[in-house]
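First the structure, in the form of structure tokens, and then the observations on it.
Each value in this text was obtained by applying a stated rule to the coordinates, not by laboratory testing. Remember, it's a predicted structure, so these values are computed and weren't measured experimentally. In this analysis, Cβ positions are derived from the backbone assuming ideal geometry, glycine residues included, and neighbour counts consider all displayed protein chains.
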Amino acid sequence: MNTILLEDGELNRRQIMAEAARSILGVGLLPGFLSPQAFASNDEKKAKAKNVIYLYMDGGMSHVDTLDPKSGAVAGPTKTIKTSATGIQLGEYLPLTAKQMHHATVIRSITSTQGAHEQGNYFMHTSFQLRGTINHPTMGAWLSHFRGPGNPTLPASVYVGNSSRHPGAGFFPPEHSPLFVNNPESGLNNIELQKALSYKEHAARMRLTSELDQEFINIFGKQRSVSSHSGAYDGAFKMMASKDIVAFDLTSEKSDLRDKYGRNPFGQGCLLARRLVEAGVRFVEVSLHGWDTHAGNFTVTPDLCQKLDAGLSSLIKDLEERGLLAETLIVLATEFGRTPKINTVLGRDHYPKAFSGCLFGGGVQNGAVFGATDNTGEEVKDDLITIPDFNATIGYALGLPLEQVVVSPTKRPFKLADKGVPVTKIFS
């Protein structure tokens, strides 16, 4: 008889779970997985956030024109404005968000080692540098891996935007990949059954298809491409049958609320994110493209900020009114900042050395600032944090096991935020 089973049934169950992860998912957990700490970490007990709405400013948002303005010290017309949080000022292009800053912690001391878009985007999303030999998971995939889907009939995460550079699930199985929604106003395409076909009839067809494919599955089913194809069909069928699929339909929202969010893909994406979180989707990313302002920064940035301002401020207010802000962490992020110095074509160039991000709700301190740059915005002066630190902070807010080591299918060990250390002092 198995002595381990007799002496420590719980340990044996964990061993079985670890082996199941290795054989079924193609992803292993190192021995640390077997410790009680991995199942009931202090981080999990302290966590207040259940969901994340991740607003990604694709192209590199200028920190000195938005979250860390330097009026009078940096050339340019951008002025500073007061906010609802004492001592916090924003760039003048974000007046609506300024009224919601009492819900926020601004982080003004982020630094990155990646100054090109593809590499910077990948680093911000995964905490790892871009490599040709492996794809790393994003935060939504890690959340799905550790917690599973919030609503079993809907995707674990959703990406709203049209970026082809999103890393997705990385080396995790495809069920942890986000559902990509290009246009939030179009809803989900090709999700309805054929006319005159009932769900019962469709299910019978699926069973017949499965029976016909069984011999092929028996031979090739362990190959990832085959299991991915099968899993995609299963997931699509669950969504087709789900009553919560209506969360993707924005037409049920009042017209005036849709107007407040902004009648553009980003604004409507923010509204869709709120609806999806209400329906149980735990991680939603919405991207706003166009921040690569090498030329005409002071023409392009105000227009982008207008879209960001309407969508973000409406999202914060909407979540608060529905009692969801305390458990939903809104993350405002970008791959790097822009040069405080203006170039010859009135633009700002790539600047990974110092830039900003912002967190709202989800247990963060209200109306707080972490870190600081010097009076020109060129150097981090206080409390420097790296990209992995920033992502570890998001993971900490969610109560995810930051120290748990996961082994990829190529037998390489990884942690959620690599060597990142969470900034715990920003949480209330």
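Pairs Lys50/Lys82; Lys82/Lys341; Lys243/Lys307; Lys317/Lys419; Lys82/Lys254: which are spaced more than 29 Å apart, C-alpha to C-alpha? Pairs exceeding the cut-off: Lys50/Lys82; Lys243/Lys307; Lys317/Lys419; Lys82/Lys254.
Each residue in Cys358, Cys305 was given a count of other beta-carbon atoms within 10 angstrom of its own, and listing them fewest first yields Cys358, Cys305. Between Asp349 and Leu188, the simple spin-label model (points 7 angstrom out along Cα→Cβ) gives 4.6 nm. Which FRET efficiency value, to the nearest 0.05, is calculated for Lys341 and His102 with the Förster distance at 41 angstrom and r the Cβ-Cβ distance? Calculated transfer efficiency: 0.80. Going from the residue with the fewest nearby Cβ atoms within 10 Å to the one with the most, Ser163, Ser62 rank Ser163, Ser62.
The order of Ile316, Ile387, going from fewest to most other C-beta atoms within 10 Å of their C-beta, is Ile316, Ile387. Ordering 143-155, 405-417 by mean Cβ neighbour count within 10 Å, with the highest value first, yields 143-155, 405-417. Estimated at 0.36 nm per residue, the fully extended path between Ser255 and Thr299 surpasses their Cα-Cα distance by 12.9 nm. Full extension of the chain segment joining Glu320 with Lys243 gains 25.2 nm, where the gain is 0.36 nm per residue of separation less the Cα-Cα distance. Here region 64-111 and region 333-381 have alpha carbon centers that stand 10 Å from each other.
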